[in-house]
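Following: one structure in structure tokens, then a few remarks.
The values are calculated or read from the model by the stated rules, or taken from the named source; none is laboratory data. Owing to the predicted nature of the structure, the values given are computational and were not obtained by experimental measurement. Heads up, the Cβs are rebuilt from the backbone with ideal geometry, glycines too, and the neighbour counts pull from every protein chain shown. Calculation scope for accessible area: heavy atoms of the full protein, side chains included, ligands and nucleic acids excluded. Shrake-Rupley method; radii C 1.70, N 1.55, O 1.52, S 1.80 Å.
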Amino acid sequence: MKLLRGEIMSSITNEDKYFNDSAIDHQSFFRKLRLEYFSQPVFKLFRQALPKMSRTEKEALQAGSVWWDGELFSGTPDWDKLLEFDLTQLTKEEKAFIDGPVEAICTLIDDWKITQESKDLPDFIWQFIKTHGFFGLIIPKKYGGLEYSALAHSAMVMKLASKSITAAVTIMVPNSLGPAKLIMEYGSAQQKEDYLPRLASGSEIPAFALTSPTAGSDASSMTDYGVVCHQNFAGKNTLGICLNWEKRYITLGPICTLLGLAFKLYDPDKLLSSETEPGITLALIPTHLQGISIGRRHYPLSQTFQNGPNSGKDVFIPIDWIIGGRDYAGKGWSMLMESLADGRSISLPALSTGAGKLASRTTGAYARIRKQFNRPIGDFGGVSEALSRIAGNTYIMEAARNLTVSSIDQGEKPSVAGAVVKYHLTEKMRQVVNDAMDVYGGAAICMGPRNIMGRIYQAVPISITVEGANILTRSMIIFGQGAVRCHPYIFKEITSVNNKNKIQGLIHFDKAFTAHVIHVIRSFNRTFFTALTDGRFCKTPAKRKSKNKIPITTEYLQASRPYYQKLSRMSVAFALLSDFCMLSLGGKLKQMENLSGRLADILSYLYLSSAVLKQYHNDQAYSEDKALMQWSCETLLYDTQQAFSGVLANLPNHTIARLLKFLIFPFGKTYHKPSDQLSNKVAQTILSSSSARDRLTSGIHSSQDINDPIGLLDDALNKVIAATEAERKLHQIVKNKQLDNYNSAEKRPMNFIETINLALQQGLIDFHELKVLYQAHLARNEVIKVDDFNQDLQ
């Protein structure tokens, strides 16, 4: 490739504003030398080596915005920026809705009957959902919707999920990936006027059909198609689309009246434009049209939200039924990529956090109530370890949920952060629920109205699978998209290389690549220095009043500073490792999904740790939460270290791997999992009835009704705690043989009631102690009961 020097130099003046990096020398003489002898050969090499991206890949990479994930990728995260960021607060109206209709629907729902007997929400619940506008949470008020924030949407799903997965999914899906969101963002004025009021009122039931038998994660292999043509429609010759499709796994599909449909559009006669294959397109399809087959259901792991397949054979629709009109033909994938952020960033993380909070509240209570070997099972080290994971991971989930939805409410479209929280919060839900099942033991595997965790345990794989399967999200999306979008220079370099104007592309590339080289040199030096010092000289927040009026206190800094420093060290090491992986592997990294997955883990753990520190900053008035923050940070730092080790152990170039290992871990791996002492502190958070437990589990459905399993556990926990001293005293009395608790007449040991009555008669305990012992005994026995049925399991 030969470029005339005059052409290059004449382009420089007009291009200087493309990048603003003070480290780049803009003097024409040195710029000319750099362009000709350095940048131009590299530019040529990049154009040859860079793998071709499909249209769907390009649109996915361009979707969303870069936010805190970009700070982490830079290697020099600005912690002040994080702490000055305002977490969204619910409005009075949103609080009233959550405390009113949302709490009411939780009280009305009998999830056992829904999932075991009726296999659907009862009619009065469907009517309640429609009447109170649950399908219009995100729709603007001028169209009859509630126009609530992302935080409110998240809070509602979290509360609903703690009572019924079926109800939560039914409500969350139309408010995330569905026709309403797409119409709001891209619909024509007429489509907004026609559909949004009906969707808000529930007179239209929406669903969105994307997945087909041959196209799950790979939308480019979609076989559903539409052909632009003229047909008679409503008595008129109409320009439109003849559609054929087969979809499955469509939530609300079996009962929907308005189907959002994704398909490949073909225009062989060039009736729309000169392009014969516009590409993936989205349209609105009333399901009463002739040729549509709909109504059959899937049965996803005993969850009974409406979900099923649908298909269409030669279904004709007018061209104006494309979402946004004919100008949006072929733009469907980019529309979906922008909209998918809601499902990934809001709904599924909220559902996961709700499950974590429910497990924390109920499993901690059960472990305090349930006794074995005359001790609460929560006192045993193995159980305590599981409880610490339940509480600690729930704290991480809540922190990440709050940070991510707040960014959405403030205008961000966090595609990479959304993928992070989708993957890691659903995976943490899986770990939390598994730990809870282990602690409950037999009580968790016997299904019935008393079983709190059983249905959630069954539902976990659903969240793992939908909105981008977790394996794909981790191994391809988080780092694959993050490396391009969040890296300070990669996206600029790729854009420059793909510029059809080669001269202009070279000018842009020169600036980006030169800055990138300087960035790598700085990262190289900083990585080794911060490794030697464990980040002790890295910048951390200073004691001051921050702009959002939450002070940065001495106590906060003493507790959090070591973690800020360690995370800064890991961030710059990640920046260096990412660059060396991309430099040494190039396009091969895209196929090395195990490496990409571990790099994704590092970015994810840095993001989750940031969220934890932000959450603790907001809640620093509560000193009881310090142990939760410490456990979370130490766990995530250890996991980060392990992910680094996994990458370094598997880099194909062993020389580079050894160099990076020396730079990043000159003293070996120095981070460890939380100590037993710290883990025990975290476990105690949910083993007692305390403000810390209430804070950790706030936002889920709670009840004072002992006929509700959650209400029964809370009531029993309070009674057992109240009887602690009396139980200890009674145990000592029996142990010291101050009481003969053998029934000689019936030749058997006395039961508990007989024993405490005899102790009262002999003056060993007083009436108050007898009362609290009796109440705790009855409550404990009620809690440990499990459901049983007749031979027909009825």
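Here's the yes/no breakdown for (1) open to solvent by 20 Å² or more (accessible area, probe 1.4 Å); (2) within 24 Å of the chain's Cα centre (by Cα):
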| position | (1), (2) |
| --- | --- |
| E634 | yes, yes |
| N650 | yes, no |
| P666 | yes, no |
| V682 | no, yes |
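Taking F491, is it among the aromatic types (F, W, Y), assigned to a helix (DSSP H, G or I) and buried (at least 23 other Cβ atoms within 10 Å of the Cβ)? Here the answer is no, as F491 does not meet what is asked.
Mind checking which residues of the stretch 589-613 are modelled with pLDDT under 95 and of a type in the set (D, E, K, R)? Result: K590, E593. Does the stretch 69-90 contain at least one residue that is surrounded by fewer than 19 Cβ atoms within 10 Å (Cβ to Cβ), farther than 30 Å from S568 by Cα, modelled with pLDDT of 95 or more and of a type outside the set (D, E)? Yes. Taken as a whole, the structure leaves A209 outside the set of residues that are over 29 Å from Q458 (Cα atoms), touching a strand residue (DSSP E or B) at 6+ places or on another chain (Cβ under 8 Å) and surrounded by 18 or more Cβ atoms within 10 Å (Cβ to Cβ).
Conditions tested, residue by residue: (1) modelled with pLDDT of 95 or more; (2) of a type in the set (A, V, I, L, M, F, W, C); (3) in a helix (DSSP H, G or I); (4) in contact with a strand residue (DSSP E or B) (Cβ under 6 Å, 6 or more places away or on another chain).
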residue	(1), (2), (3), (4)
G378	yes, no, yes, no
R389	yes, no, yes, no
Y395	yes, no, yes, no
A400	yes, yes, yes, no
G418	no, no, yes, no
V421	yes, yes, yes, no
H424	yes, no, yes, no
I456	yes, yes, yes, no
G480	no, no, yes, no
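Does at least one position in the stretch 470-488 carry a residue that is over 30 Å from A215 (Cβ atoms), open to solvent by 20 Å² or more (accessible area, probe 1.4 Å) and out of contact with any Lys or Arg (no Cβ under 9 Å at 6 or more places or on another chain)? Yes, that holds for at least one residue.
Being open to solvent by 20 Å² or more (accessible area, probe 1.4 Å), assigned to a helix (DSSP H, G or I) and either touching a Leu at 6+ places or on another chain (Cβ under 6 Å) or within 24 Å of V439 (Cβ to Cβ) (or both) is the requirement here; does D625 meet it?
No: the conditions fail for D625.
If we scan the stretch 315-325, do we find a residue that is open to solvent by 10 Å² or more (accessible area, probe 1.4 Å) and touching a Cys at 6+ places or on another chain (Cβ under 6 Å)? So far as the stretch 315-325 goes, yes, one or more of its residues are open to solvent by 10 Å² or more (accessible area, probe 1.4 Å) and touching a Cys at 6+ places or on another chain (Cβ under 6 Å). The condition (being surrounded by fewer than 23 Cβ atoms within 10 Å (Cβ to Cβ), under 28 Å from the mean Cα position of the chain (by Cα) and at pLDDT 95 or above) is satisfied by just one residue among G364, G308: G308. Only one of the numbered conditions (1) open to solvent by 10 Å² or more (accessible area, probe 1.4 Å); (2) in contact (Cβ under 8 Å) with a residue 24 or more places away in the chain; (3) assigned to a helix (DSSP H, G or I); (4) closer than 26 Å to V416 by Cα is not met by Q504, and that is (4).
For the stretch 258-279, state whether one or more residues are in a strand (DSSP E or B), surrounded by fewer than 16 Cβ atoms within 10 Å (Cβ to Cβ) and among the polar types (S, T, N, Q). Looking for residues that are in a strand (DSSP E or B), surrounded by fewer than 16 Cβ atoms within 10 Å (Cβ to Cβ) and among the polar types (S, T, N, Q), one finds none in the stretch 258-279, hence no. For the stretch 684-705, filtered to residues that are open to solvent by 50 Å² or more (accessible area, probe 1.4 Å), under 23 Å from R401 (Cα atoms) and among the polar types (S, T, N, Q), the residue that is modelled with the highest pLDDT is S698. Could you please find all residues in the stretch 546-588 being part of a helix (DSSP H, G or I), open to solvent by less than 40 Å² (accessible area, probe 1.4 Å) and farther than 30 Å from I656 by Cβ? Passing the criteria: Y556, L557, A559, S560.
Pairs meeting the criteria (first residue in the stretch 467-479 and free of Cβ contacts under 8 Å to residues at least 60 places away in the same chain, second residue open to solvent by 40 Å² or more (accessible area, probe 1.4 Å) and in a helix (DSSP H, G or I), beta carbons under 8 Å, at least 6 apart or on different chains) are N470/E427. None of K771, K785 is within 30 Å of S164 (Cα to Cα) and either modelled with pLDDT of 95 or more or crowded, with 18+ Cβ neighbours inside 10 Å (or both) except K785.
The criterion of at least 2 residues that are open to solvent by 30 Å² or more (accessible area, probe 1.4 Å) and touching a residue at least 24 places away in the same chain (Cβ under 8 Å) is met, among helices (runs of 4 or more DSSP H) falling completely within the stretch 120-200, by 123-131, 179-186. Of the residues examined, Q620 is one that is crowded, with 18+ Cβ neighbours inside 10 Å and modelled with pLDDT under 95.
Going by the conditions given, is E204 in contact with a Ser or Thr (Cβ under 8 Å, 6 or more places away or on another chain), at pLDDT 95 or above and more than 30 Å from E103 (Cα to Cα)? The answer is no for E204. The set of residues in the stretch 212-232 that are without any contact (Cβ under 8 Å) to a residue 12 or more places away in the chain, surrounded by fewer than 17 Cβ atoms within 10 Å (Cβ to Cβ) and closer than 25 Å to N470 by Cβ comprises T214, D218, S221. Quick check on my filter: what residues within the stretch 311-344 are among the aliphatic types (A, V, I, L, M), in contact with a helix residue (DSSP H, G or I) (Cβ under 7 Å, 6 or more places away or on another chain) and at pLDDT below 95? Hits for the stretch 311-344 are M335, M337, A341.
The single condition from (1) in contact with a strand residue (DSSP E or B) (Cβ under 7 Å, 6 or more places away or on another chain); (2) at positive phi that N374 fails is (1). When restricted to residues that are open to solvent by 60 Å² or more (accessible area, probe 1.4 Å) and either modelled with pLDDT under 95 or of a type outside the set (S, T, N, Q) (or both), the stretch 671-680 contains 3.
Considering (1) of a type outside the set (S, T, N, Q); (2) farther than 14 Å from I317 by Cβ; (3) in contact (Cβ under 8 Å) with a residue 24 or more places away in the chain, the lone condition that G235 does not fulfil carries the number (3). Can you name the residue in the stretch 402-416 that is of a type in the set (S, T, N, Q) and in a helix (DSSP H, G or I) and, of all such residues, is farthest from D86 (Cα to Cα)? Among residues in the stretch 402-416 that are of a type in the set (S, T, N, Q) and in a helix (DSSP H, G or I), the one farthest from D86 (Cα to Cα) is S415.
Remark: pairs (first residue in the stretch 244-264, closer than 10 Å to P286 by Cα and free of Cβ contacts under 8 Å to residues at least 60 places away in the same chain; second residue open to solvent by 10 Å² or more (accessible area, probe 1.4 Å) and of a type in the set (D, E, K, R); Cβ separation under 8 Å; 6+ apart in sequence or on different chains) = T257/E204. What number goes with the only condition from (1) within 23 Å of M184 (Cβ to Cβ); (2) touching a Leu at 6+ places or on another chain (Cβ under 6 Å) that G312 does not pass? Checking G312 against (1) within 23 Å of M184 (Cβ to Cβ); (2) touching a Leu at 6+ places or on another chain (Cβ under 6 Å), the one that fails is (1).
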